[in-house]
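Engineer: This structure is in structure tokens; I'll ask about it shortly.
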Amino acid sequence: MFITDLSVNGFKNLKNIEIKPHEKINIFCGKNAQGKTNLIEAIWLCSGARSFRSTKDRRMIGDDEQVMEINLSFKNSFREQDIRYAMAKPNIKEKSVSLNGVKLKAPSKLFGGLNCVIFTPEDLELSKGSPDNRRQFADLSVSQIKNSYSAVTEKYEKLIDQRNTLLKNISYGRSRREELEMWDIQLAQMGAYISLLRFNYTRKLCSIAKKLYSEISGGSEELDIDYYSTVYDTKLLGAASVYTGELTEQYLNVLKKNIDDDIRAGFTQKGVHRDDLICRINGSPVREDASQGQHRSVALIMKLSQAYILHEEIDDHPVILLDDVLSELDPSRQKFVISKIHDMQVFITCCDMNIPFDEKQHGKIFNIEKGQIKKK
């Protein structure tokens, strides 16, 4: 899979961008605040995912613009496809999104078309940051493979908020305990479904990451990644083939067992919203014991493994987006990353050209200044 044409106008500071990317490496080079990351973000939005920068809708259109429009064409193993993503003031909530000329109900309906894997400097904190970061990583990774998954996780989060509100109302005497049953039955079904898919994904992730980490560490260290569930014993998840039946019943039992504690706390203390991915190097937990270099290596390997799994599942290479990541790595890790994605189309942002790259053999360089492509 690779992007063949990209045009962007009015998205943040980008103006009249029109490029034909190389099938391999594409470098967006320029000083800070010139629009490099905005261009990466425009590509990412066309994958159907939310902004990796949490950009609000009102900030997507440039201050001096009334309309923003992104047009992107890409080829996969079967055909060439066209995406249009547009917004206009003052009705910024009414996004106009189409795939091959067919209007879609929402940007999320683009999901599963243009498959991208993005790596930002914040991702270097993946292994030592909060469990929430790793849950988001797992959920995005699973949803790229199973399109219906994201709708379930979004519904689960809404139900958890509603249950937590009810728990507080019960503690204040404004609601009855019996009202929890309706929410718990729904949460148990969705929680079992999410747990099983996350667990199965983590097993694939560990298998690939173990091999890649052995390479980057020169065979001196072994990486393991396990799914930690606040509800299940991993043996039960490993033996399950469906989320209904025993898994759903177990989830419901845990919710019921912890009702008193949850009422006192005012929130739901166990469930997929509290789970984690546990990384270990030679048996020691990465989050507590790893060095800065090890943390960066683990984060790199997790993102590379995400790309490899996606390739296996869709039988096509995803597009790789590296936003100012290589400049954060030492030369050996830079070369390692480039060597592992050489078969894929890659977009890289950087402030200088101090990265392993041969323009004549491998791709194109686009110089960006004040939101526009500038010729050398």
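Engineer: Find how many whole Å separate the alpha carbon centroid of region 109-172 from the alpha carbon centroid of region 23-72.
Structural biologist: Region 23-72 and region 109-172 have Cα centres spaced 22 Å from each other.
Engineer: Roll a 1.4 Å probe over the protein chains and send me the accessible area per residue for region 61-138 in Å².
Structural biologist: 51
Engineer: Take the Cα gyration tensor of the chain, multiply each eigenvalue by 5, square-root it, and list the three semi-axes largest first, rounded to whole angstrom. The partial results should precede the final answer.
Structural biologist: Working: eigenvalues 287, 146, 67 Å².
Sorted largest first and rounded, they come to 38, 27, 18 Å.
Engineer: For a quick check of your reading of the filter: which GluC sites (Glu not before Pro) in region 32-139 sit in a DSSP loop and have no more than 11 other Cβ atoms within 10 Å?
Structural biologist: Passing sites in region 32-139 are Glu94.
Engineer: Next up: Over region 220-309, what is the relative contact order in percent, taking alpha-carbon pairs closer than 8 angstrom and at least six residues apart?
Structural biologist: On the way: 68 pairs, mean separation 35.9, N = 90.
So the answer I get is 40 percent.
Engineer: Are there any chymotrypsin sites (Phe, Trp or Tyr not before Pro) in region 74-127 that are in a DSSP loop and have at most 16 other Cβ atoms within 10 Å? List them by number.
Structural biologist: Working: sites: Phe74, Phe78, Tyr85, Phe111, Phe119; in loops: Phe78, Phe111.
Of the chymotrypsin sites (Phe, Trp or Tyr not before Pro), the ones in loops of region 74-127 whose Cβ has at most 16 other Cβ atoms within 10 Å are Phe78.
Engineer: Looking at the chain only, what percent of DSSP beta bridges run antiparallel? Nearest 5 please.
Structural biologist: 70
Engineer: Next up: Do any trypsin sites (Lys or Arg not before Pro) in region 1-100 lie in a DSSP loop with no more than 12 other beta carbon atoms within 10 Å, and if so, which?
Structural biologist: Filter output for region 1-100: Lys31, Lys56, Arg79, Lys93.
Engineer: Pairs Lys56/Lys146; Lys128/Lys235; Lys56/Lys109; Lys56/Lys270; Lys15/Lys95: which are spaced more than 21 Å apart, C-alpha to C-alpha?
Structural biologist: Lys56/Lys146; Lys128/Lys235; Lys56/Lys270
Engineer: Further question: Ignoring ligands, DNA and RNA, how do Trp183, Trp44 rank by accessible area with a 1.4 Å probe, largest first?
Structural biologist: Trp183, Trp44
Engineer: Which of the lysines could a cross-linker span from Lys24 if the Cα-Cα distance has to be under 24 Å and same-chain partners fewer than 8 positions apart are dropped?
Structural biologist: Lys36, Lys75, Lys303, Lys335, Lys340, Lys360, Lys364, Lys374, Lys375, Lys376
Engineer: May I ask you to derive the FRET efficiency for Glu122 and Asp330 from their Cβ-Cβ distance with R0 = 22 Å, giving the value to the nearest 0.05? Before the final figure, lay out each step's value.
Structural biologist: Numbers: r = 19 Å, r/R0 = 0.85.
Once rounded, the FRET efficiency stands at 0.70.
Engineer: Give me the dipole magnitude in Debye, nearest 20, for region 127-315 about the Cα centre, with unit charges on the beta carbon: positive for Lys and Arg, negative for Asp and Glu.
Structural biologist: Working: 26 positive and 27 negative charges, 67 e Å.
Result for region 127-315 is approximately 320 debye, rounded to the nearest 20.
Engineer: Please report the relative contact order for the chain, taking Cα pairs under 8 Å with a sequence separation of at least 6, and give it as a percent rounded to a whole number.
Structural biologist: On the way: 661 pairs, mean separation 99.7, N = 376.
RCO, the chain: 27 percent.
Engineer: Expressed in nm to one decimal, what extension gain is obtained for the pair Gln269 and Asp161 from 0.36 nm per residue of sequence separation less their Cα-Cα distance? Kindly include the intermediate steps, with their values, before the conclusion.
Structural biologist: On the way: separation 108, 0.36 × 108 = 38.88 nm, distance 1.23 nm.
Length difference between fully extended and current span is 37.7 nm.
Engineer: On to the next question. Cα-based Rg (one decimal) and Dmax (whole number) for region 127-315, in Å?
Structural biologist: 18.1, 61
Engineer: A further question on this structure: Which of Leu252, Ser305, Ile3 sits closest to the plus end of the dipole of the chain, meaning its Cα is farthest towards the positive end, when Lys and Arg get +1 and Asp and Glu get -1 on the C-beta?
Structural biologist: Ile3
The values are calculated or read from the model by the stated rules, or taken from the named source; none is laboratory data. Values in this document were obtained by computation on a predicted structure and should not be read as measured data. Cβ sites come from the backbone with ideal geometry, for glycine too, and all protein chains shown count toward neighbours. Keep in mind that these areas ignore ligands, DNA and RNA; they rest on the heavy atoms of the full protein, side chains included. Shrake-Rupley method; radii C 1.70, N 1.55, O 1.52, S 1.80 Å.
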